[in-house]
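Student: Input: one structure, supplied below.
The values are calculated or read from the model by the stated rules, or taken from the named source; none is laboratory data. Remember, it's a predicted structure, so these values are computed and weren't measured experimentally. Accessible surface is based on the protein model in full, side chains and every heavy atom, while ligands, DNA and RNA are left aside. Shrake-Rupley method; radii C 1.70, N 1.55, O 1.52, S 1.80 Å.
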Amino acid sequence: MAMSCRQLVFTADLALRDGAVESGRAMGGAAQSPRLRPHTFRGLHRDRDSSPASPRWPSGYVVQQSADNKFCVWGSRCRTLKTNSIRSEATAVSSDNVETLEGVDWDNFGFGLRPTDAMYVMKCEHDGHWGKGELKPFGNLELSPSAAVLNYGQGLFEGMKAYRTVDGRILLFRPEENALRMINGADRLSMPALPVDAFVNAVKQTVIANKRWIPPPGKGSLYIRPLLIGSGAVLGLAPAPEYTFLIYVSPVGNYFKGGLAPIDLKVDNYYHRAAPGGTGGVKTIGNYAPVLKTQLLAKGKGYSDVLYLDAVENKYVEEVSSCNIFIIKDGRIHTPELRGTILPGITRKSIIELARNLKYEVEERPVSVDELLEADEVFCTGTAVVVNPVGSVTYNDKRVKYKNAGLGGVAQELYTALTDIQTGKAEDRLNWVVQVA
C-alpha cells in the first residue's frame with residue numbers, strides 16, 4: 001500500500017484509548033508522522049459481539065481498508081475508544097449507511113468551512129477529453145509549483161447549496177445555471193468545461209457521498225464548491241496542459257440567526273472591482289482577492305462591506321464584494337444591468353424572475369449612486385446570504401439610513417418566497433429545484 005506523510009496503516013484489530021493508538025502496527029517506519037490532517041470518521045460498524053454500550057468512534061477520523069485487510073487511519077487526534085475491531089465493509093468515501101450526524105448543535109452552527117467525507121475529482125488532459133471522475137476522501141491536492149492556477153490564476157469556482165426537506169428529500173437549486181456559468185467562464189479563460197449533465201451529475205454524487213453532513217430542515221444547508229483549475233505545469237504564459245475539476249462541500253448553518261440582519265455598506269469611489277472588457281462577468285478566482293483590501297479597510301471603520309461603482313464614469317452602482325444589489329423606489333425594483341463587469345448571479349436571476357411572477361415591476365438598467373441614496377429600500381443577493389437587506393449606505397461623508405433599519409417588506413417577501421422554494425416548503429412551479437435523493 002503506497003504511503004505518504006499523511007497516512008498510517010494499522011492492523012485491523014485497533015483500539016484507541018487515552019489519546020494514543022495502543023494496538024496496530026505502523027507501516028512505513030519513522031518517516032511517517034502521526035500528526036495527520038483531520039478528516040471525519042464514518043462508515044464503520046462495531047462487531048456484532050461488541051458491547052452496545054461501547055462509545056461510537058470519535059469524529060475526526062477516516063479509515064480505509066486496503067487490499068491486504070489492513071486499514072489506513074487518517075486523523076489528527078485520538079480519543080477514548082472501547083471497541084474490539086473494525087468490520088471489513090469500512091469505506092472512506094461512502095456515507096450511505098449514516099443518514100445524519102448526531103450530537104451536533106445545529107442551532108449554533110456557523111457559516112464556515114468544515115472538512116467532510118468525500119470530494120469529487122476529474123482530470124482533463126491536453127487533448128481536451130475529460131477522464132472518469134471519482135470520489136476521494138476529502139484532503140489536500142498535489143500541484144506543481146508551476147501550475148497555471150498558481151502562477152497565472154487560471155481558475156474558476158462556483159457556489160451552490162443542497163437542502164434537506166421536512167419530508168426527507170435532498171434538493172439542489174438550479175444546478176444547471178451554475179454549470180452554464182462555469183462554461184461561460186471557462187471560455188473566457190481558455191479552459192475546457194464539463195457539459196451541463198456531467199457537471200450536475202458530479203454535484204449529485206458529491207452530495208450523496210456527504211449527505212449525512214446536510215443539516216436538518218431549517219437549520220442550514222450543505223454548501224457546495226465546484227472548482228475548475230489549470231493544474232498542469234507551465235512556465236511561460238500559456239493555457240495549462242492539464243485541468244482539474246473538483247467539488248468539495250461543507251455544512252453551514254443559517255447565515256442569519258433569528259431573522260434577516262441589515263448590513264451597512266461603504267461606497268468606494270477610488271478602487272474598482274471590474275472594468276469593461278475584463279473578467280468581472282465571470283466567476284474567476286482572480287476577481288476576489290483584490291476586494292479584500294477595501295473590504296478590510298471598510299470593516300475596520302465599522303462597515304459590513306463595500307459597494308463598487310463603474311470604472312468608466314465612477315457614478316453607477318455595480319455590485320458589492322460578492323453580492324448583487326437591488327434598490328426599490330416607489331414600489332419598483334431596479335438592479336444594475338449586466339454589461340460584462342457584473343457577475344450574473346443565480347440568486348439575482350431568480351429574484352428577478354420571482355419578483356416578476358409576484359407582479360413587481362423590475363428594471364435592469366444603469367443605477368446611479370444618487371438613485372441608491374434616494375431609494376426606499378436596498379438589498380443584496382447571493383448564494384450565501386440569499387437576500388440581505390441594507391440598513392445604511394455611506395458615500396463620501398453622506399450616510400443614508402433606510403426605513404425600518406433595512407428590514408423592508410419587499411426584501412422579506414422575496415427572501416421568504418425564494419427560500420421556501422429552495423427548501424421544499426413551497427411548490428416549485430418554476431421547476432428550479434432538482435431532487436438528489
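Student: Taking every pair of Cα atoms in the range 224-270, average 1/r, invert it to obtain the Kirkwood radius, and report Rg/Rh to two decimals.
Tutor: Taking Rg over the Kirkwood Rh, I get 1.26.
Student: Let me ask something else. So what J values fall out for the range 235-249 if you push phi through Karplus, 6.51 cos²θ - 1.76 cosθ + 1.60 with θ = phi - 60°, rounded to Hz, Gly and Pro as x?
Tutor: 10, x, 5, 6, x, 5, x, 8, 10, 10, 9, 9, 9, 10, 9
Student: Find the relative contact order for the range 106-253 and round it to a whole percent, using C-alpha pairs within less than 8 Å whose residues are 6+ positions apart.
Tutor: Working: 310 pairs, mean separation 55.3, N = 148.
Computed over the range 106-253, the figure is 37 percent.
Student: Out of all Cα-Cα pairs in the range 116-267, roughly what percent, to the nearest whole number, are more than 20 Å apart?
Tutor: 54 percent
Student: Further question: Output ³J(HN,Hα) for the range 357-364: one whole-Hz value per residue in order, computed from phi by the Karplus curve 6.51 cos²θ - 1.76 cosθ + 1.60 with θ = phi - 60°, and x for Gly and Pro.
Tutor: Per-residue couplings from phi come out as 5, 8, 6, 7, 8, 10, 10, 9 Hz.
Student: Kirkwood Rh over alpha-carbon pairs of the range 341-435, then Stokes-Einstein at 4 °C and 1.567 mPa s: what D in µm² s⁻¹, rounded to an integer? The partial results should precede the final answer.
Tutor: Values: Rh = 14.6 Å.
Diffusion coefficient, whole number: 88 µm²/s.
Student: Also, I was wondering about something else. Hey, can you grab everything whose amide H is under 5 Å from the amide H of N324? Only 5+ residues off in sequence or another chain; H modelled, so Pro and N-termini drop out.
Tutor: When sequence neighbours closer than 5 places are left aside, the close amide H contacts are T381.
Student: In addition: Using all C-alpha to C-alpha distances in the range 217-376, build P(r) with 5 Å bins and read off the rounded percent in each one.
Tutor: Per 5 Å bin, starting at zero, the Cα-Cα P(r) for the range 217-376 comes out as 2, 7, 13, 16, 19, 17, 13, 8, 3, 2, 1, 0 percent.
Student: Please list the non-local residues whose amide H lies under 5 Å from the amide H of V367, H modeled 1.01 Å from N, same-chain partners needing a gap of 5 or more.
Tutor: The answer is V317, E337.
Student: Just the number, please: carbon plus sulfur as a percent of the accessible area of the range 252-327, 1.4 Å probe, no ligands or DNA/RNA counted.
Tutor: Carbon and sulfur atoms account for 54 percent of the accessible area of the range 252-327.
Student: Rg/Rh for the range 316-375 to two decimals, with Rh computed the Kirkwood way over all alpha-carbon pairs.
Tutor: We get a ratio of 0.94 for the range 316-375.
Student: Starting from the Cα of K329, draw a straight line to each of the lysines and keep only those under 24 Å, dropping any in the same chain fewer than 8 residues away.
Tutor: K266, K315, K349, K359, K398, K401, K403
Student: Now for a separate question. Could you give the accessible area per residue of the range 263-427, probe 1.4 Å, as a whole number in Å²? Don't skip to the end; give the middle numbers.
Tutor: On the way: 7100 Å² over 165 residues.
Per residue, the range 263-427 has an accessible area of 43 Å².
Student: Calculate, in nm to one decimal, what L113 and E134 gain on full extension: separation in residues at 0.36 nm each, minus their alpha carbon distance. Don't skip to the end; give the middle numbers.
Tutor: Details: separation 21, 0.36 × 21 = 7.56 nm, distance 2.21 nm.
Contour length minus Cα-Cα distance gives 5.3 nm.
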